Amino acid sequence: MYVAVKGGERAIEAAHELLAQARRGDPQVPELTLQQVSGQLSLAVDRVMAEGSLYDRELAALAIKQARGDLIEAVFLLRAFRTTLPRLAVTRPIETGRMAPRRRISATFKDLPGGQMLGPTFDYTHRLLDFALAAGASAAPEPAGVPAEPGPMPRAPAAVDPAADVNGDARGPARALAFLDAEDLIERPPMTGSDDPPDITRDPLAFPAPRAARLQNLARGDEGFLLALGYSTQRGYGRTHPFAGEIRMGEVEVEIVPEELGFAIVIGEVTVTECDMVNQFAGSATEPARFTRGYGLAFGEGERKAMAMALVDRALRADQLGEDTGAPAQDQEFVLYHSDNVEASGFVQHLKLPHYVDFQSELNLIRRIRAGTPRAVAAEPEPAAAGEED
Amino acid sequence: MIAGYNFAYLDEQTKRMIRRAILKATAIPGYQVPFASREMPLPYGWGTGGIQVTASIIGRGDTLKVIDQGADDTTNAVSIRRFFARTAGVRTTERTREASIIQTRHRIPETPLREGQIIVFQVPIPEPLRWLEPRERETRRMHAHADYGAMYVKLYEDIARYGRIATGYDYPVVVNGRYLMRPSPIPKFDNPKLDRLPALALFGAGREKRIYAVPPHTPVKSLDFEDHPFRVESWRERCALCGSGSSFLDEIVVDDSGRRMFVCSDTDYCSGRRAKRSGAEAA
Amino acid sequence: MTAAAAMRTGGFADPAAESQAAFRTLLDVLARPGRIAELKSAAVAGLSPAASSVALTLCDFETPVWLGGACAAAADWLRFHCGAPLAVDCGTARFAFAPGIADLPDLDLFDLGSDEFPDRSTTLVLEVASLGRGAALTLSGPGIAGTASLAVAGPSAAFWQARAALGALFPRGLDLFLTSGTQIAALPRATRVEVSPCTSR
């Protein structure tokens with residue numbers, strides 16, 4: 001006798017227990033601390049903060065630990081927490097121009113004020129597994145600020161000299177693209193300049209989406225998705241002739257202007273990575289030719305993300321710049337509706353939920369259709385479903 | 001109830017935003033109202049739209065039933081019911097008649113819904129024109145002008161190719177003679193139940209950020225052609241457990257040789273019929 | 001009681017529970033045009049108990065509110081309890097409150113939404129002299145099995161004509177809550193209204 005499956009509740013509880021055991025792993029091995037995750041898996045923490053849209057290293061570390069290192073699951077945990085937080089204030093735009101960078105490179109100029117500074121990059125490491133790390137011994141740390149071996153940048157990085165700034169105040173190095181801007185060779189940053197940008201977590205996207213909304217979407221978008229889309233533009237699907245004008249990474253202050261004070265106060269500091277991409281020029285009979293821009297920004301050390309984002313941002317402006325469109329990366333709806341890994345992961349994985357009612361309808365239908373074709377009638381036994389009634 | 005969270009999980013501002021969307025959806029039957037869907041602690045695609053709608057309407061006096069595939073004991077239905085038991089402390093039930101709110105995925109209960117009940121559908125893809133036109137800007141224009149010719153062409157192509165309309169579930173309907181609507185992936189067997197349903201039907205799509213509604217007693221017509229009228233499926237078999245000959249049946253493979261049996265997909269309906277039968281035998 | 005103290009009263013004591021209950025009432029009357037329900041929150045200056053319940057339940061910083069005529073007395077209360085910005089132009093309001101038809105602009109001056117986004121439209125909360133007595137309306141449309149009747153005292157025949165004229169614009173339109181003291185009924189845009197010559201009491 002068939003008995004319908006019961007006990008879903010007990011099954012779920014048992015699954016949660018198994019999950020807890022699997023997360024903990026071998027109990028003989030000491031449990032990970034959040035400090036270890038945050039300090040030694042810092043790029044994982046950065047990615048989870050960026051795509052989770054929440055700058056909190058400790059919570060991100062907790063999410064990674066709880067998610068057994070599954071970063072998309074960790075992003076989801078952080079998002080679900082973020083959504084319960086009240087929105088207390090809107091910060092002033094961060095000023096990356098005032099960053100004291102820990103890394104700063106330009107591919108468009110051999111040298112420039114402030115210098116090229118490699119910082120903590122994998123770029124010129126040889127990707128050889130370091131068995132000394134496996135033995136528990138850290139490789140001898142290099143002197144800070146000096147690359148392990150000379151890169152293609154001929155100059156050793158200079159320490160940041162605030163006085164070197166063209167403006168003379170306590171700022172970081174001038175932006176590389178400012179030198180192009182001074183000659184009017186590049187477009188001005190194409191922002192709407194609104195003090196009240198849309199909030200994509202509060203207002204559903206409508207199309208065409210303003211650039212501020214697009215950038216928000218890309219900033220929390222899945223790195224892998226942006227990477228593939230950015231790559232596709234380089235291979236000809238919406239080519240933009242990009243140059244990495246400047247990439248900088250470091251700490252910036254976050255300010256708010258409390259209504260009762262009327263002036264800005266610093267509430268904290270965040271690490272960000274910014275990429276200014278210089279792209280092929282646009283011009284017309286009436287407008288002189290200028291380079292165009294693509295922009296990327298990510299929480300933490302997220303250089304690959306920021307660069308891919310800048311490529312996609314630029315591709316999404318094709319329409320506005322009067323370029324040919326049709327490549328996936330140029331399609332607003334395609335890019336913005338599919339960039340979010342929490343949405344994508346949920347919907348892909350929902351396929352494992354039971355669908356047997358829909359499938360039954362399909363079974364009935366296909367049997368009915370086959371019953372209607374003469375060969376199928378001869379070959380098939382009676383269809384299980386009697387078919388349809390009026 | 002769990003500490004640290006508001007009643008029914010969502011904060012009051014979010015509920016207000018969703019409530020405004022629900023009211024507009026009810027005022028414009030079948031029209032998909034965009035709303036600022038929140039991240040929920042359950043994955044997108046697993047009922048976040050329905051959960052947000054339920055969380056925004058549910059009160060302490062409500063009795064909630066949650067079904068998936070017609071069944072109260074499927075794991076996702078259990079998980080969602082527990083979520084509301086924990087965050088709202090409401091009564092839950094498996095009885096269709098006792099529920100004031102029924103959240104469902106893929107079915108409408110066999111027991112007729114009554115005036116005063118609310119049925120909340122979990123919707124994966126709300127846009128009925130999406131497979132014909134992937135662009136939101138374009139489908140929005142089509143709805144604005146009630147330009148639904150493409151859907152009829154698609155159905156007609158089905159007839160030319162298969163001799164019938166080859167859609168078994170999520171079968172498109174027109175609400176109150178105006179808006180083309182997806183009834184969510186219910187089998188078309190359930191479509192006639194939506195027509196002039198005495199209960200209020202609310203549809204929530206979390207990932208796609210849309211809410212829509214069918215008010216009570218509103219005409220809901222499944223698309224068809226004069227020479228190919230809409231029909232629902234039926235079974236030669238009866239339910240092996242309760243003997244019903246009029247409910248939607250699940251087909252279950254019972255051994256390695258592929259033998260099948262058929263049982264009601266609606267577990268409450270089925271167990272109610274069995275209880276009545278065993279009561280009659282005992283008497 | 002000072003004016004400032006008066007302003008602070010008339011909110012929900014238990015916001016989660018009371019706004020939920022009020023919302024269900026609003027949903028119920030909107031889903032079943034013709035039905036009259038009770039909303040018992042405190043009256044505040046400029047708004048009846050039913051109208052103030054609508055504001056507390058639905059209005060916040062995201063919804064500009066237009067206040068017609070004597071409803072303007074509720075401006076401070078509305079800002080304090082809902083945080084809603086005031087709309088000077090009724091065409092930019094998500095919600096509009098009017099103490100009677102004398103204080104209404106032409107109905108098509110409200111935001112009726114667009115064909116693409118008909119939901120982005122004003123909801124009008126109109127105080128009437130009576131619900132249950134007055135001109136007998138015969139209602140039909142979504143939410144109604146066959147026809148329903150509703151008696152409303154206050155709005156003129158011209159008002160009903162103006163409302164009916166908006167029907168041609170569907171899906172654009174104006175959704176209407178009628179309030180009278182603690183009573184509320186709704187006429188969403190899709191409801192057809194016929195005014196009978198006779199009155200009921």
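Assorted remarks:
- Estimated at the nearest 10 Å², the accessible area of B:VAL78 is 10 Å² with a 1.4 Å probe.
- GNM top mover of B:VAL174, B:VAL66, B:VAL220 - chain B, alpha-carbon springs below 10 Å: B:VAL174
- For peptide B:7-14, the mean count of partner chain Cβ atoms within 10 Å of a residue's Cβ comes to 4.
- Our coupling estimate for region C:16-29, obtained by passing each phi through the Karplus curve with A = 6.51, B = -1.76, C = 1.60 and θ = phi - 60°, is 4, 6, 6, 5, 5, 5, 5, 4, 4, 5, 4, 5, 5, 6 Hz, Gly and Pro reported as x.
- With N counted as the residues of region C:12-200, its alpha-carbon radius of gyration over 2.2 N^0.38 Å works out to 0.95.
- For B:ALA240, the residues whose modelled amide H falls within less than 5 Å of its own, excluding neighbours fewer than 5 places apart on the same chain, are B:PHE262, B:VAL263, B:CYS264.
- Computed over chain C, relative contact order equals 23 percent, with contacts defined as Cα pairs under 8 Å that lie 6+ residues apart.
- Apportionment of accessible area to carbon and sulfur, region A:210-347, percent (1.4 Å): 55 percent
- Size check on region B:82-172: the Cα extents along the three principal axes, sorted descending, read 49, 32, 24 Å.
- Calculated P(r) of region C:1-78 - Cα pairs past 21 Å, %: 29 percent
- Antiparallel DSSP beta bridges within the protein assembly as shown, percent to nearest 5: 70 percent
- Max mean-square fluctuation residue, GNM over chain B, Cα-Cα springs under 10 Å, options B:ASP72, B:ASP190, B:ASP227: B:ASP227
- Cβ-Cβ FRET estimate between A:ASP70 and C:SER149, R0 fixed at 45 Å, reported to 0.05: 0.15
- Applying a DSSP loop filter and a limit of 11 other Cβ atoms within 10 Å to the chymotrypsin sites (Phe, Trp or Tyr not before Pro) in region B:77-165 leaves B:TRP131.
- Accessible surface for A:TYR124 stands near 80 Å², nearest 10, in the context of the full protein assembly shown (1.4 Å probe).
- Pairwise Cα distances in region A:13-82 exceed 18 Å for 36 percent of all pairs.
- Length gained on full extension, A:GLU58 to A:PHE263, computed as 0.36 nm times the residue gap minus the Cα-Cα distance: 70.8 nm.
- Across C:ASP14, C:ASP108, C:ASP60, mean-square fluctuation computed from a Gaussian network of chain C (C-alpha pairs under 10 Å connected) peaks at C:ASP14.
- For chain B, alpha-carbon Rg relative to the globular expectation (2.2 N^0.38 Å, N residues): 1.04
- For A:ILE267, the amide hydrogen comes within under 5 Å of the amide hydrogens of A:VAL254, A:GLU255, A:ILE256, counting only partners 5 or more places away or on other chains and with H modelled in the peptide plane.
- Averaged over peptide A:83-90, the number of partner chain Cβ atoms lying within 10 Å of each residue's Cβ comes to 3.
- Listed values for region B:179-187 are Karplus-derived 3J(HN,Hα) couplings in whole Hz (6.51 cos²θ - 1.76 cosθ + 1.60, θ = phi - 60°), namely 9, 6, 9, 8, x, 6, x, 7, x, and x replaces Gly and Pro.
- Projecting label points 7 angstrom from Cα along Cα→Cβ for B:ARG259 and A:ARG87 puts them 6.1 nm apart.
- Relative contact order [Cα under 8 Å, 6+ residues apart], region A:13-82, whole percent: 29 percent
- Dipole of the protein assembly as shown [Lys/Arg +1, Asp/Glu -1 at C-beta], most positive-end residue of A:VAL75, A:PRO242, C:VAL152: C:VAL152
- Relative contact order (%) - region B:169-283, alpha-carbon pairs under 8 angstrom, separation at least six: 18 percent
- Dipole-positive endmost among B:PHE262, B:ALA146, B:TYR31 within chain B (Cβ charges, Cα centre): B:TYR31
- The phi-based Karplus calculation (6.51 cos²θ - 1.76 cosθ + 1.60; θ = phi - 60°) puts the 3J(HN,Hα) values of region B:75-91 at 4, 5, 5, 4, 4, 6, 4, 5, 4, 6, 4, 6, 8, 10, x, 8, 5 Hz, whole numbers, x for Gly and Pro.
- If you wrap the Cα atoms of region B:23-98 in a convex hull and average its projected area over all directions, you get 5.9 nm².
- Note on the protein assembly as shown: with charges restricted to the Cβ of Lys and Arg (+1) and Asp and Glu (-1), its dipole about the Cα centre is near 2220 debye.
- Under 5 Å, built H, 5+ apart or other chain: amide partners of B:ASP62: none
- For the segment A:343-352, counting C-beta atoms of other chains within 10 Å of every residue's C-beta and taking the mean gives 6.
- A:ASP123 accessible area, 1.4 Å probe, all protein chains in place, Å² to nearest 10: 70 Å²
- Here the Kirkwood formula, the inverse mean of 1/r across different C-alpha pairs, assigns the protein assembly as shown a hydrodynamic radius of 30.6 Å.
- Unit charges at the beta carbon, dipole of the protein assembly as shown: most positive-side option, B:PHE7, A:ALA14, C:SER180: C:SER180
The values are calculated or read from the model by the stated rules, or taken from the named source; none is laboratory data. Only a predicted model underlies this, so the values are computations on that prediction, with no experimental measurement involved. Glycine also receives a Cβ, built like all others from the backbone with ideal geometry; neighbour counts cover every protein chain displayed. Surface areas here come from the heavy atoms of the whole protein model, side chains and all, with no ligands, DNA or RNA. Shrake-Rupley method; radii C 1.70, N 1.55, O 1.52, S 1.80 Å.
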